[in-house]
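Q: The following block contains the structure, expressed as structure tokens.
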Amino acid sequence: MGITEQEIHLLAEVERSVEDCYHHFTYLAHGFEHVQRVYHLALSLSEQEQADGVIVGMAALLHDLGRTTPGPTRSHAVRSVKRAKQFLASYDLSQERQQAILHAILAHSYRHGTRTATLEARVLYGAHRYMLDRFFTKLLKLQEAMKTPSGRAMAAHHIAFLHLYLQELQHELTIGGSGYDMRTEVVHSLLRRKYGGEEQRRNNRSRISNVDG
């Protein structure tokens, strides 16, 4: 489903307003850059799937807005819906579209348990998961991409920081904070993929060295 010129301007206006909400937001994985990545991927997928681009675009821009205002509500998706309602009230959108946007926002967080009942919700869910998985996997592979000892040392430092960061996110999730909704087994899987692979390579090198000796 195509997007009209007027709707393009609408999305651009909302994007600028959302960016203002992230000026003092410091979470690495869920800053405004993350929102933009999800937004652009979601729009691309929306076009391919012939979904409503306005619903997808608005939901993508607003999907993590609740993270910028931590509160007593455990789920950031619920907080995002609450703030999104305030945003949407300022724009000339049908009630049907507004409800579809709010549903997509609520359903993007698999931990919340809301079923993706619309095509637009499924598009946002897929774009969001793809970007988060790509973000963490890419960082955890940083060290092996370095070509010099100093580069590998720097990468090792950042990976160690990421390890602590993931642990802190898990802690925030446990106490109901605004961290990434990542299950413990997913975190451990990512870390095993990195550190377990390194251990295996060291063992292989050790066996080769013993054979050569």
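Q: Which pairs turn up if I take residues in region 37-55 that are in the same structural domain as Gln98 (by TED's automatic domain parsing) and look for partners that are acidic (Asp, Glu) with beta carbon separation below 7 Å, at least 6 apart in sequence or on another chain?
A: Ala51/Glu120; Asp52/Glu120; Gly53/Glu47; Val54/Glu7; Ile55/Glu120
Q: Now, a different point. May I ask you to list the residues in region 9-38 that are of a type in the set (Lys, Arg) and surrounded by 12 or more Cβ atoms within 10 Å (Cβ to Cβ)?
A: Within region 9-38, Arg37 is the sole residue that qualifies.
Q: When you go through Ala60, Ala84 one by one, which is the residue that is under 17 Å from the mean Cα position of the chain (by Cα) and assigned by TED's automatic domain parsing to the domain that holds His34?
A: It is Ala60.
Q: Right, here's the next one. Just give me the residues in region 117-170 being loosely packed, with under 13 Cβ neighbours inside 10 Å, at pLDDT 75 or above and either not small (Gly, Ala, Ser) or not assigned by TED's automatic domain parsing to the domain that holds His103 (or both), in sequence order.
A: Passing the criteria: Pro149, Ala153, His157, Ala160.
Q: Another question, if that's okay. List pairs: first in region 94-107 and of a type in the set (Val, Ile, Thr), second part of a loop (DSSP other than H, G, I, E, B), Cβ under 8 Å, 6+ apart or cross-chain?
A: As it stands, the answer is Ile101/Leu93; Ile105/His63, since those pairs meet every condition given.
The values are calculated or read from the model by the stated rules, or taken from the named source; none is laboratory data. Note that the structure is predicted; figures quoted are calculated from it, not measured. We place every Cβ from the backbone using ideal geometry, glycine too, and count neighbours over all the protein chains shown.
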